[in-house]
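Since the structure comes first, as structure tokens, the remarks are kept for the end.
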Amino acid sequence: MSISSATLAGAWQAIREALAANGLAVAQTCEPGEAGELRLVTTLLHSSGQWLSGTTVLPVPAQTPQAYGSALTYARRYGLAAIV
């Protein structure tokens with residue numbers, strides 16, 4: 001199974017050991033966006049202090065906590081797959 005077709009938990013399981021072995025870590029944070037969208041910043045950090053980041057923007061058609069939670073899970077998985 002590729003990381004892009006894995007669940008969020010499966011994606012983390014697939015990469016966690018390799019990240020740690022190479023002095024890498026990932027941070028994911030939300031940032032303000034337009035109404036009806038979710039913006040997630042994924043940052044890949046190295047023990048040297050270098051880093052790189054990218055932003056995933058997803059529409060959230062229903063304005064409910066469940067819809068935002070679902071979009072956040074997808075954004076976390078997509079952002080993680082994209083950055084590694």
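The values are calculated or read from the model by the stated rules, or taken from the named source; none is laboratory data. What you see is a predicted model, and the numbers here were worked out from it, not measured in a lab. Here Cβ is always computed from backbone atoms with ideal geometry, including for glycine, and neighbour counts include all displayed protein chains. Note: areas computed on protein heavy atoms with side chains; ligands, DNA, RNA excluded. Shrake-Rupley method; radii C 1.70, N 1.55, O 1.52, S 1.80 Å.
Conditions (1) touching an Asp or Glu at 6+ places or on another chain (Cβ under 8 Å); (2) open to solvent by less than 80 Å² (accessible area, probe 1.4 Å); (3) assigned to a loop (DSSP other than H, G, I, E, B); (4) not small (Gly, Ala, Ser), marked per residue:
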site: 20; (1), (2), (3), (4): no, yes, no, no
site: 44; (1), (2), (3), (4): no, yes, no, yes
site: 53; (1), (2), (3), (4): no, yes, no, no
site: 61; (1), (2), (3), (4): no, no, yes, yes
site: 70; (1), (2), (3), (4): no, yes, no, no
site: 73; (1), (2), (3), (4): no, yes, no, yes
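Residue pairs whose Cβ atoms lie under 7 Å apart, sitting 6 or more positions apart in sequence or on different chains, and linking a residue in segment 41-67 that is under 13 Å from residue 24 (Cα atoms) to a partner that is of a type in the set (Phe, Trp, Tyr) and open to solvent by 70 Å² or more (accessible area, probe 1.4 Å), are 43/51; 44/51; 45/51.
If only residues of segment 22-34 that are over 11 Å from residue 47 (Cα atoms) and touching a helix residue (DSSP H, G or I) at 6+ places or on another chain (Cβ under 8 Å) are counted, the one that is surrounded by the most Cβ atoms within 10 Å (Cβ to Cβ) is 26. Under the condition of being in contact with a Gly (Cβ under 7 Å, 6 or more places away or on another chain), farther than 25 Å from residue 13 by Cα and of a type in the set (A, V, I, L, M, F, W, C), the residues counted in segment 24-81 number 1.
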